[in-house]
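The values are calculated or read from the model by the stated rules, or taken from the named source; none is laboratory data. Not measured: the values here are computed from a predicted model. Here the Cβ is made from the backbone with ideal geometry for all residues, glycine too, and neighbour counts use every protein chain on show. Just the protein is used for accessible areas: all its heavy atoms, side chains included, with ligands, DNA and RNA removed. Shrake-Rupley method; radii C 1.70, N 1.55, O 1.52, S 1.80 Å.
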Amino acid sequence: QVQLVESGGGLVQPGGSLRLSCAASRSIFSIYTMGWYRQAPGKQRELVAGINSGGSTNYADSVKGRFTISRNNAKNTVDLQMNSLKPEDTAVYYCNTRPIQTRLWGQGTQVTVSS
């Protein structure tokens, strides 16, 4: 049973940076396109960034130029570097495959951007 564990969230001031990491219990990243998703209070979960097995990336318009997704297949991790954070980035962040596999949802990691 594959599990995904997100980490790296926290409280940061506007303009600050955080680096999130997603670790898998076994190797799946070399097979699947992976994505980082987020869910803000009262809103639907949305895709923030994706990366395929070849390393091609895509981003939501709201984070382009500020967030960078990367993967390390040898370490079974997918990271999300978040710079120039804004209050509207406040959400619980999750990783999952693309398309989503419901069974893989983890606990997520809370990101709060506030002064």
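Quick notes on this one:
- Beta bridge orientation in the chain: antiparallel %, DSSP, nearest 5: 90
- Comparing Thr112, Ser21, Leu4 along the charge dipole axis of the chain, the residue lying farthest to the positive side is Leu4, per the Cβ-charge model.
- When only the Cβ of Lys, Arg, Asp and Glu is charged (+1, +1, -1, -1), the dipole of the chain relative to its Cα centre reaches about 200 debye.
- For segment 63-79, the residues whose backbone nitrogen is under 18 Å from a point 7 Å from the Cα of Asn52, taken along Cα to Cβ, are 69-73.
- Straight-distance crosslink candidates among aspartates and glutamates, where the alpha carbon sits under 15 Å from Lys75 and sequence neighbours closer than 8 are dropped: Glu6
- Per-residue SASA entry for Val5, accessible area with 1.4 Å probe, Å² rounded to 10: 90
- Prolate/oblate/rounded call for segment 1-59, Cα gyration tensor, a/c under 1.5 rounded: prolate
- Accessible-area value, Tyr32, 1.4 Å probe, nucleic acids and ligands omitted, Å²: 80
- With the simple spin-label model, which puts each label point 7 Å out from Cα in the Cβ direction, the Thr33 to Glu88 separation comes to 2.5 nm.
- Prolate is the label for segment 34-88, because a/c, from the alpha-carbon gyration tensor with a ≥ b ≥ c as root eigenvalues, is 1.5 or above and a/b exceeds b/c.
- Each peptide among 40-52, 80-92 gets the average number of other Cβ atoms lying within 10 Å of its residues, and from highest to lowest they stand as 80-92, 40-52.
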